[in-house]
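*Asks:* I have a structure here, written as structure tokens, and I will follow up with some questions on it.
The values are calculated or read from the model by the stated rules, or taken from the named source; none is laboratory data. Please read these numbers as outputs of a predicted model, since none were measured by experiment. Don't worry about glycine lacking a Cβ; one is built from the backbone with ideal geometry, like all the others, and counts go over all protein chains shown.
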Amino acid sequence: MIVLKGITWKNPRGYDPLVAASARYNALFPEIQVAWEQYPWYEFEQRILDDFNQKKRIYDLIMFDHPWTGTLAANGWLLPWDDYLPESYTRELKQRVVAPSVESYHYDDKQWALPLDAASHCALYQKSPGLKGELPDTWEMIGAWALEQQKAGYKTPLVLSLQGVLGSCLFLSMMASYGQPAFSDPEAENINIEAAKYVLSLLKELQVYSPPGSSKWGPWDIYDRFCENQDLLYSPSIFGYVNYLGPNNAGKNLYVSTVPSFQHRNKPCAIIGGVGLGLTYSCTDVNAAVGYGRFLMSDQVQKEVFPAHYGQPSVKGVWEDIALNRAVNNFYLDLRPNMDNGYIRPRYNGFHSVELAIGDTLQKWWDDDTDLETTVAKLSEIKPTLKH
């Protein structure tokens, strides 16, 4: 019996499809079992890094976010998939999945993960008969739009995804959209000061239209609140979660759309999310793990298993399927423009520590515990922490 052990994040989207697919794989290959552990996002990340740093050799497979790629690869903690797959496989994979999912895990001329799960920021909104006017096209229009909704009786019509590393993602996405990508080069100046001040001031102004305490909400908290509270109408830039949307889910009135742009650019830019499957240096049976990875990335499993178990697959066959889209309020078709204009975060060694530091610094700004000048100065000082 071959037993492969994997770790993933604790969310139906991150866990349920993997377990269902593993059961199907075991039915085809009874001699191979794949056991998945799940942990909350922050604990999940730290557990992986602790495992590798202490050389515990616990996991054969890991699910991870693409900003970790440089650190995991530089320390030799991953095996590149293209060392075990034919060159034609990666080329075909790029054709089969939504861009830039494959590219987000391609680093230093190697493919470090298979993009099982695809996502990006999107605008999330609630269809309500009392909604006044069209959704805003630009960040500069959101304040006036929110004020109009308040006058119509919606006390807190707007919510921003600001908590921790999610606030970091929002800031990075907006800086890229503004035309001044931040922290892209560890050897250079990490932010444009004036652009950072503009973005952070604008977001602070928009916070007055959001529910009290919402700067501490994770994305799943925001989706839950949308499902429970008809007063919440719009989140301009938040990671898309398909498992909430559709007539048979809690968010029957929830839809996604394109993120706003800035007036001077008119080019919406959404940060890429998603989760990839990594093959660890300590994998006990690489051949079995590679076969399982190819199985998970197959059109059949991505289309039949993932959507039925709250997953968010990456293959175009799902994103373009009319019936599947109808069941989830057109989620994939409406999210696609955001993916097509997606911003891939930096992936150099140590960037995952940068992302966390940005989130910690900005949390004080969102929570009124510091001023703008101090916040920007602290951001300017952030450097990558290298793991060895």
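*Asks:* Using the structure shown, decide if Ala188 is farther than 27 Å from Pro40 by Cα and without any contact (Cβ under 8 Å) to a residue 12 or more places away in the chain. If you could, list the steps in order and put the result at the bottom.
*Replies:* Details: farther than 27 Å from Pro40 by Cα: yes; without any contact (Cβ under 8 Å) to a residue 12 or more places away in the chain: yes.
Judged against the criteria, Ala188 is a match.
*Asks:* Looking at the range 257-286 only, could you name the residues that are closer than 18 Å to Pro12 by Cβ and of a type in the set (A, V, I, L, M)? Spell out how you get there, then give the answer.
*Replies:* Taking the range 257-286 and keeping what is closer than 18 Å to Pro12 by Cβ, we get 273-275, 277.
Val275, Leu277 - these are the residues of the range 257-286 that are closer than 18 Å to Pro12 by Cβ and of a type in the set (A, V, I, L, M).
*Asks:* Does Asn338 meet the test of being within 15 Å of the chain's Cα centre (by Cα), outside any strand (DSSP E or B) and either crowded, with 20+ Cβ neighbours inside 10 Å or modelled with pLDDT of 95 or more (or both)?
*Replies:* Working: within 15 Å of the chain's Cα centre (by Cα): yes; outside any strand (DSSP E or B): yes; either crowded, with 20+ Cβ neighbours inside 10 Å or modelled with pLDDT of 95 or more (or both): yes.
In short, yes.
*Asks:* Write out, first by first residue and then by second, each pair whose Cβ atoms fall under 6 Å of each other, whose residues are 6+ apart or on separate chains, and whose first residue, in the range 135-151, is more than 18 Å from Val259 (Cβ to Cβ) while the second is surrounded by fewer than 18 Cβ atoms within 10 Å (Cβ to Cβ).
*Replies:* Pairs that qualify, where the first residue is more than 18 Å from Val259 (Cβ to Cβ) and the partner is surrounded by fewer than 18 Cβ atoms within 10 Å (Cβ to Cβ), are Glu148/Lys132; Gln149/Lys132.
A quick yes/no check of all residues on (1) in the same structural domain as Ala196 (by TED's automatic domain parsing); (2) free of Cβ contacts under 8 Å to residues at least 24 places away in the same chain; (3) in contact with a strand residue (DSSP E or B) (Cβ under 9 Å, 6 or more places away or on another chain); (4) of a type outside the set (Asp, Glu):
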residue	(1), (2), (3), (4)
Glu320	no, yes, no, no
Met339	no, no, yes, yes
Gly359	yes, no, no, yes
Trp366	yes, no, no, yes
Asp369	yes, yes, no, no
Ala377	yes, yes, no, yes
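*Asks:* Can you give me the number of residues within the range 187-199 that are assigned to a helix (DSSP H, G or I), surrounded by fewer than 20 Cβ atoms within 10 Å (Cβ to Cβ) and not β-branched (Val, Ile, Thr)?
*Replies:* Pass one, the range 187-199, residues assigned to a helix (DSSP H, G or I): 193-199.
Next, from what is left, pick out any that are surrounded by fewer than 20 Cβ atoms within 10 Å (Cβ to Cβ): 193-195, 197-198.
In the following step, the residues that additionally are not β-branched (Val, Ile, Thr) were identified as 194-195, 197-198.
The qualifying residues number 4.
Yes or no, residue by residue, for (1) at pLDDT below 95; (2) not in a strand (DSSP E or B):
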residue	(1), (2)
Pro268	yes, yes
Gly278	no, no
Ala289	no, yes
Tyr292	no, yes
Lys303	no, yes
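*Asks:* If you go through the range 191-202, how many residues are touching a residue at least 40 places away in the same chain (Cβ under 8 Å) and either in contact with an Asp or Glu (Cβ under 6 Å, 6 or more places away or on another chain) or closer than 21 Å to Pro346 by Cβ (or both)? If you could, list the steps in order and put the result at the bottom.
*Replies:* Taking the range 191-202 first, the residues touching a residue at least 40 places away in the same chain (Cβ under 8 Å) are 191, 193, 196-197, 200-202.
Restricting the remaining residues to those that are either in contact with an Asp or Glu (Cβ under 6 Å, 6 or more places away or on another chain) or closer than 21 Å to Pro346 by Cβ (or both) gives 191, 193, 196, 200.
Of the residues in that region, 4 qualify.
*Asks:* Follow-up question, since we're still on this one. Would you mind stating whether Arg265 is under 25 Å from Gln363 (Cα atoms) and of a type in the set (Lys, Arg)? Full working, then the answer.
*Replies:* On the way: under 25 Å from Gln363 (Cα atoms): no; of a type in the set (Lys, Arg): yes.
Spelling it out, it is not the case that Arg265 is under 25 Å from Gln363 (Cα atoms) and of a type in the set (Lys, Arg).
*Asks:* Of a type in the set (Ser, Thr, Tyr), over 17 Å from the mean Cα position of the chain (by Cα) and within 28 Å of Leu170 (Cβ to Cβ): is that true of Thr90 in this structure?
*Replies:* Values: of a type in the set (Ser, Thr, Tyr): yes; over 17 Å from the mean Cα position of the chain (by Cα): yes; within 28 Å of Leu170 (Cβ to Cβ): no.
Against the criterion (of a type in the set (Ser, Thr, Tyr), over 17 Å from the mean Cα position of the chain (by Cα) and within 28 Å of Leu170 (Cβ to Cβ)), Thr90 does not qualify.
*Asks:* Separate question: May I ask you to verify whether Ser184 is out of contact with any helix residue (DSSP H, G or I) (no Cβ under 6 Å at 6 or more places or on another chain) and not in a helix (DSSP H, G or I)?
*Replies:* Working: out of contact with any helix residue (DSSP H, G or I) (no Cβ under 6 Å at 6 or more places or on another chain): yes; not in a helix (DSSP H, G or I): yes.
For Ser184, the condition - out of contact with any helix residue (DSSP H, G or I) (no Cβ under 6 Å at 6 or more places or on another chain) and not in a helix (DSSP H, G or I) - is met.
For every residue, the table says whether it meets (1) surrounded by fewer than 17 Cβ atoms within 10 Å (Cβ to Cβ); (2) more than 25 Å from Glu205 (Cα to Cα).
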residue: Gly240; (1), (2): no, no
residue: Arg265; (1), (2): yes, no
residue: Tyr281; (1), (2): yes, yes
residue: Asn287; (1), (2): yes, yes
